[in-house]
Structure formats: C-alpha cells, structure tokens
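Notes follow once the structure below has been shown.
Read-outs: derived from the displayed coordinates by stated rules, not from any lab. On a predicted model such as this, the values are computed, not experimentally measured, just so you know. Neighbour counts run over all protein chains shown; Cβ positions are idealised from the backbone, glycine included.
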Amino acid sequence: MKILMICQYYYPEPFRVSELCEELVRRGHEVTAVTGVPNYPEGEIYKGYEGRAERDETLGGVRVHRLPIHPRKTGALHRMLNYYSYARKATRYVKSKACAAADGSAFDIVLVYQLSPVMMAKAAVAYSQKHGVPVVMYCLDLWPESLVAGGIKRGSWIYRHFHRVSKRIYTRMDRILITSRMFKEYLVEEFGVRDDVVDYLPQYAEGIFGEVPPHEPDSITHLMFTGNIGAMQGVETILGAAERLKGEPVRLHIVGGGIELKRLRQTAKDKGLDNVVFYGRRPLSEMPKYFGMADAMLITLRADPVLSCTLPGKVQAYMAAGKPVIGAINGETEKVIRAAGCGFCGPAEDDEALAENIRRFAALEDKNALGENARAYYEGNFEETRFMDRLEGELKARLSGGDGK
C-alpha cells in the first residue's frame, strides 16, 4: 500500500506516530508523512528546524514532509494559530501536485493519527475527496470535548464552532479506530457517526519498555511520573500527595516537559518538597533507565468527564515495563488498572487518596506481583505486534471492502 499519513506531530516530538509509520515501512508499505516543524511540548521550534521553508527528510524509511507552522508557545491565541497554521498549510499541500507517492501516482489510502486538534484531519478529508481514496482515523483525543477540558465553556461560540468542525470531520471518515472504549458512545451519539464505522484499537508501547532494568530496592519507596506536564495532566495532585508524605520514606520522581513544568517546579520549591525530583524532558532512549529507578509508576489527570474517557499511552508503557501503577484518575484508566490488578487508583485530583494509596503500596510485602499482573495484561491486550497486525488489516480492509478484523 501507498499510505499518506496526516499528523501535525512527528519525531523528534514525543508521539508514537513515527514508530507506527516506520513499522508499516518494515512491513513493505510506502509511507509519506505530512507534518509540521517540531515544537511540542515546550512550544518553541526545535533547534535545526527554524525557518519558513518547507523541507523533506527520510526517517526510518518514511518520507517526511515538514510544513513551517506557528509554534504553540503559551496561551490560547498562540495555540489556535498553531492549530490552524498546520490545518491550512497541510490542506493546501495535499491538494498540490507535489503531494504524491514516490512514483508520482496517488496514494492508496490516507491515515490520520488524530491528536489535538481535530482540524489536522482537514488535510486528510481534502486528499480523500480529490483522489477518491478511503481515509482511516486513529483517534486519540475527542473534539470539541478536549476544549471543555481546557476551560472552554460548552455552549460558547468557540465550542459551537468546533463542534461543527468536528462533526464534518468525524462523519467523513471511512473508519475510526479509537484508543478508549468510552469514545464510541460519544462519537455515535454526539455526531451520528455510524456504529459500524467505529472500533476499539488501544495503543501499544514501544519495545524499549520491555528492556527496563530491575529495580534495586532500598529503604525508600520510589514512584515515577513520566510524560507531558500540561494543564490537563493533573501533576499538581502529585505535589499535593508529596506534601502529605513529607517525612515518610517515599520519593516522587517526575520526568517530562511541558508548559506547566516551570510553575510546578517553583511550587515544589516554595513548599519545601524535597521528596520530589524533577528531571525535565528526557529522550525515549533514556526512559528504561528512569523506569528502572521506580518501584511503581504514577498516572494522574484532571477531574474531567471527557479526560476520563481517555486511556493515556503511558499506561501501556508502564504495563509493558512490568511496573505497578498508582493512579489519581477516573474513568477508562481506573477500569484498566482494576481489571489488570496491577495497582491502586483513587479519584482524579484527590491528593489525599493518592497519598494513602502510595502508603498502601509501600506497605505491601510482595510488590512484584502487581508488576507481573501489569505485564501479563499488557501482553494480552496491548502488545505491539497485535496492534500493528490489526492496523495493517484495517487499512487493507478499506481497500478491499472488508471489516479489518
């Protein structure tokens, strides 16, 4: 297959889309990714990608076309400019003769790796309409509900506008694969997406997380959060728990970058939280080392009904590494932790419950059993080969008229 991938983000930004594309290439497919210049999560253009010119590069066998877009920076205005600059430029590019497979022909199919914003998929719709090829969406964020989680009021003109945009996009997809079972009801009831168009395909974790060195226990219980540190991740809950755990043999490690990192570092300093260690953003290649430092992993999100529908990709990474998971999170992730029997979970934004669950974990005599449960659940539900086989099947099915299963 000749596959056109549409996603605003790509390596070196910290998303799995690049690994997914490279695996499709290894399986014998041609993949071209249309993306923006990297600037996530800090919001500044990465060194070496400055300038206003479009550029092409080949990474892991994937042809990558980068568009110069407005960086995210901070604040709602910059974020909207960032979102729309990619949607506009990507749509214009895919309509041009320059957007073609290596032999100059049209692509067979379009694949959208849909994070925020949903407008990134406009380019996929445009290409599909022009060339009459199917389009498959891998949906990781729900819109416009993600805006509500970010503070936009439901019923406001902004919400209504993006509701219309989202409906036009979601109802144009030939197939929508969702990362959380709870997404399906929303798409069907809110937008009238046909039930048989939507199906569940949870994320996987990179193979590197199966190579985590064993943790050497000491007198301190070490817990680690990894990933983006933004307004929605609820990392402040970890600091609240740390304040309650002062003086106890517990250390909380936070690895990641984002717009909230500077503020949270200052909060920890102001409160004298010497039981919290910030490492900043680290490359994927170093993550096994950090995972290996931990007795258990932490996951938090804000208390929001839409965010509760999501299953953050770090859950798969934590389980792939065979680590217990301690959460302050609602909804889908709570269900997975309980179904796997791999840890403890309390309500989102409840630092008291998080602190108590950390104490509960620290008191366990057999912590390894939770980690073994995590790995077993990962292998049975989230393993990478299983994911790629299913995705490849879905893409082929759109070309043959089958159901991909």
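Mean sequence separation of contacting Cα pairs (under 8 Å, at least six apart), scaled by the length of the chain, corresponds to a relative contact order of 13 percent. For the stretch 139-186 versus the stretch 306-324, the inter-centroid distance based on Cα atoms is 21 Å. For the stretch 207-381, the dipole from Cβ point charges (+1 on Lys and Arg, -1 on Asp and Glu) about the Cα centre works out to 440 debye, to the nearest 20. Can you give me the Cα centroid spacing of the stretch 219-281 and the stretch 344-358 in angstrom? First find each Cα centre; the distance between them is then 14 Å. A crude spin-label estimate for the pair Arg154 and Arg88, with each label 7 Å from Cα along the Cβ direction, gives 3.1 nm. When the alpha-carbon atoms of the chain are used, the pair Rg, Dmax equals 21.1, 66 angstrom. How high is the relative contact order of the stretch 207-381? Use alpha-carbon pairs under 8 Å, at least six apart in sequence, and give a whole percent. Relative contact order, the stretch 207-381: 25 percent. Can you give me the angle between helix 122-131 and the longest principal axis of the chain, using Cα atoms only, in degrees from 0 to 90, rounded to the nearest 10? Result, in degrees: 30. Between Gly258, Gly227, Gly380, the GNM of the chain built on Cα springs shorter than 10 angstrom shows Gly380 fluctuating the most. Using helices alone, I'd like the mean residue ellipticity at 222 nm for the chain: each DSSP H run of four-plus residues gives -39500 (n - 2.57), total over residue count, nearest 500. Dividing the helical sum by the residues of the chain leaves -11500 deg cm²/dmol. Bridging of Lys271 to lysines at a Cα separation below 25 Å is possible for Lys246, Lys262, once same-chain residues fewer than 8 apart are set aside. Beta-bridge orientation, the chain: approximately 10 percent antiparallel, per DSSP, counting only bridges with both partners inside.
The three principal axes of the C-alpha atoms in the stretch 207-381 carry coordinate ranges of 43, 39, 31 Å, sorted with the longest axis first.
Which residue, chosen from Ile69, Leu59, Ala303, occupies the Cα position most advanced towards the positive end of the dipole of the chain, where the dipole is computed from +1 (Lys, Arg) and -1 (Asp, Glu) charges on Cβ about the Cα centre? The one lying farthest along the dipole's positive direction is Ile69. Summary of packing: across the peptides 298-304, 101-107, 206-212, the per-residue average of other C-beta atoms within 10 Å ranks them, highest first, as 298-304, 206-212, 101-107.
Taken about its Cα centre, the chain carries a charge dipole of roughly 1840 debye when the Cβ of each Lys and Arg holds +1 and the Cβ of each Asp and Glu holds -1. Taken along its principal axes, the alpha carbon cloud of the stretch 85-163 reaches lengths of 47, 21, 17 Å, longest axis first.
Shown for Cys7, Cys99: other C-beta atoms within 10 Å of each C-beta, ranked fewest to most, produce the order Cys99, Cys7.
Helix 351-362 and the longest principal axis of the Cα set of the chain meet at an angle near 70°.
Which entries in Lys47/Lys89; Lys95/Lys396; Lys184/Lys335; Lys130/Lys167; Lys97/Lys396; Lys323/Lys396 show an alpha-carbon gap greater than 27 Å? Correct reply: Lys323/Lys396.
Angle of helix 17-26 to the longest C-alpha principal axis of the chain, folded into 0 to 90 degrees and rounded to 10: 60°.
Summing charges over all other residues whose Cβ lies under 14 Å from the Cβ of Asp218, with Lys and Arg as +1 and Asp and Glu as -1, gives 0. Here the stretch 171-211 is treated as a Stokes sphere of Kirkwood radius computed over C-alpha pairs; at 25 °C and 0.890 mPa s its diffusion coefficient rounds to 215 µm²/s. Along its three principal directions, the equivalent ellipsoid of the stretch 101-142 from the Cα gyration tensor extends over semi-axes of 21, 10, 8 Å, largest first.
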